[in-house]
């Protein structure tokens, strides 16, 4: 028997053990090819899958959790083998990468010429600039904890937002994939250790003791992370990312999480608002030249997560398999003697890309010249682009000219510092625009360039913690938390309840008991009755340092579909560009009581 078959057999026996211990089902009573849900009901099926997850350290998909799927023990065992193989491959790749990097730095020692060696090291450091994606205080706190003997105390932190951006009612989760890519290569290279060894305090003493640097060098990633997947919606005070593990490591990933997700969530949310405002018309992203991140990769990816899947950004289109679009610049027209000459040459040499920018000199005359150039060359016009002026009236006039020339299939694309507000006004005024191109206001989230997500300690050594502030908005919820999202009979979102982690074990289903939730601002209560449908958006993405590569490598178009699906489950009153209603997010009654008691205890201690 091959090793693979032996491994499969061992996994199957372990599954039988779980069935025997929890449900009294013996191996002789159930073949590996029998359908599991024929032996246990849907509630027990969820518990069965969760027990398997705990035993094997893998995340089972919703397809396996759903009792109606005809899965067998053999199916589950093969799935587990596949997931374990992925985890081993991920760990091997991580170790291989670290070894190769260390070898590259050792080469520097063999280069005799100082200038050449320094240049070589500079190139290597630039290529690894994300390795230390952190602020100084993360390492100085870790250093102090190490010296106190507390660095490896178990801790949990959570990332959350305090307010939705743009005066809206929701935020799109985005940026998790790139963060996991960085985390998958986590580690301190020899060059980084050497750089840290040379860091000095103001008095000239070393910032870090050698034994701490050796500690950094030797410690493997040991974090476990749960997160709201990209494309899901999140709301204020809900955990977007929950990180557990040794305190020094849990703290050290703060900047990567906040820097990676804050801007991504912001731009993805902006994109969904723009897509909604466009009312099913195509939207393109033209923002690379104004983007505030190098190469514009994050801004383009985030816009795509929000539903804008075409871009002018060449490298992002290549990496994320997005539609690559573009027209021509005003300079192309200006370097020709006349606009008609420029248009004719463009059409003749770009028969598969016949969009003409018509506002270099006079927009209406530009439209007429575009029509004439198309008729003269015999090359059909795909689109004309308006980039200045009164876009509403110009688009109406352009549409009349195109229709009169029997060019009804030629579309009108508009740009020029557009956003969801201007698009809404244009359509309300009757503008004849078929496609919108967004740049600056999208990729910089110009009306709110910062999300303000935070990362706070929730427990240490098993003791729940909370930040108690005179500013109520900065008061945190004690302990590790999670989201329970309530659904109506059609599967649409009714409201969210923030509960203690583990308050409900099942990942989805119907409530076994009523849940009372409390609005922390005004203490009003809401009751979700027994049998209300729910699901918990957070999923496991890192298990004891092993990255879930499926989550890390999710296709951006698939994430965009998930975003559209999530937004569609919100009532339209929550999606208004202005004056959107507030989505219901409350704290489970018992957790709210605990928060209140901790605040009162703090106040009493201060008054003694």
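The values are calculated or read from the model by the stated rules, or taken from the named source; none is laboratory data. Here the structure is a predicted model, which is why all the values come from computation and not from measurement. A quick note on method: Cβ atoms are made from the backbone with ideal geometry, for glycine too, and the neighbour counts reach across all protein chains shown.
Numbers at a glance
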read-out: Hits in region 481-519 (condition: at positive phi and in a loop (DSSP other than H, G, I, E, B)); value: 491, 502
read-out: Helices (runs of 4 or more DSSP H) contained entirely in region 309-365, each with at least 3 residues that are closer than 25 Å to residue 295 by Cβ; value: 314-320, 330-334
read-out: Qualifying residue in region 554-565 (condition: part of a loop (DSSP other than H, G, I, E, B) and surrounded by 12 or more Cβ atoms within 10 Å (Cβ to Cβ)); value: yes
read-out: Criterion violated by residue 152 - all others in (1) modelled with pLDDT under 70; (2) farther than 30 Å from residue 234 by Cβ; (3) touching a strand residue (DSSP E or B) at 6+ places or on another chain (Cβ under 9 Å) satisfied; value: (1)
read-out: Positions within region 368-407 being touching a strand residue (DSSP E or B) at 6+ places or on another chain (Cβ under 7 Å) and assigned to a helix (DSSP H, G or I), in sequence order; value: 370, 391, 394, 395, 398, 399
read-out: Residues within region 442-480 that are part of a loop (DSSP other than H, G, I, E, B) and either under 30 Å from residue 297 (Cα atoms) or assigned by TED's automatic domain parsing to the domain that holds residue 306 (or both), tallied; value: 10
read-out: Test: residue in region 167-190 that is part of a loop (DSSP other than H, G, I, E, B) and out of contact with any helix residue (DSSP H, G or I) (no Cβ under 9 Å at 6 or more places or on another chain); value: no
read-out: Selection from region 361-386 of residues that are surrounded by 20 or more Cβ atoms within 10 Å (Cβ to Cβ) and either in contact with a helix residue (DSSP H, G or I) (Cβ under 8 Å, 6 or more places away or on another chain) or modelled with pLDDT under 95 (or both); value: 363, 366, 367, 369, 370, 371, 373, 374, 381, 384, 386
read-out: Odd one out for residue 517, checked against (1) outside the structural domain of residue 307 (by TED's automatic domain parsing); (2) under 30 Å from residue 290 (Cα atoms); (3) touching a helix residue (DSSP H, G or I) at 6+ places or on another chain (Cβ under 7 Å); value: (2)
read-out: So residue 522, is it in a loop (DSSP other than H, G, I, E, B) and modelled with pLDDT of 95 or more; value: no
read-out: Identity of the residue in region 470-487, modelled with pLDDT of 95 or more and touching a helix residue (DSSP H, G or I) at 6+ places or on another chain (Cβ under 8 Å), that ends up farthest from residue 602 (Cα to Cα); value: 481
read-out: Residues (within 27 Å of residue 540 (Cα to Cα) and either exposed (fewer than 15 other Cβ atoms within 10 Å of the Cβ) or over 33 Å from the mean Cα position of the chain (by Cα) (or both)) located in region 183-221; value: 217, 218, 220
read-out: Some residue of region 277-285 being at pLDDT 95 or above, in a helix (DSSP H, G or I) and within 28 Å of residue 584 (Cβ to Cβ); value: yes
read-out: Search result, residues across region 50-108 that are under 18 Å from residue 23 (Cβ atoms), within 25 Å of the chain's Cα centre (by Cα) and either in a loop (DSSP other than H, G, I, E, B) or modelled with pLDDT under 65 (or both); value: 60, 64, 65
read-out: Unmet criterion (only one of (1) under 21 Å from residue 448 (Cβ atoms); (2) surrounded by 24 or more Cβ atoms within 10 Å (Cβ to Cβ); (3) out of contact with any strand residue (DSSP E or B) (no Cβ under 6 Å at 6 or more places or on another chain)) for residue 269; value: (3)
read-out: Residue ID - nearest to residue 72 (Cα to Cα), chosen from residues in region 25-39 that are surrounded by fewer than 15 Cβ atoms within 10 Å (Cβ to Cβ) and more than 41 Å from the chain's Cα centre (by Cα); value: 31
read-out: Check on residue 291, within 23 Å of residue 169 (Cβ to Cβ) and buried (at least 23 other Cβ atoms within 10 Å of the Cβ); value: no
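Table: residues versus (1) modelled with pLDDT of 95 or more; (2) in contact with a helix residue (DSSP H, G or I) (Cβ under 7 Å, 6 or more places away or on another chain); (3) farther than 19 Å from residue 278 by Cα.
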site: 401; (1), (2), (3): yes, yes, yes
site: 413; (1), (2), (3): yes, no, no
site: 423; (1), (2), (3): yes, yes, no
site: 435; (1), (2), (3): yes, no, no
site: 454; (1), (2), (3): yes, no, yes
site: 464; (1), (2), (3): yes, no, yes
site: 468; (1), (2), (3): no, yes, yes
site: 489; (1), (2), (3): no, no, yes
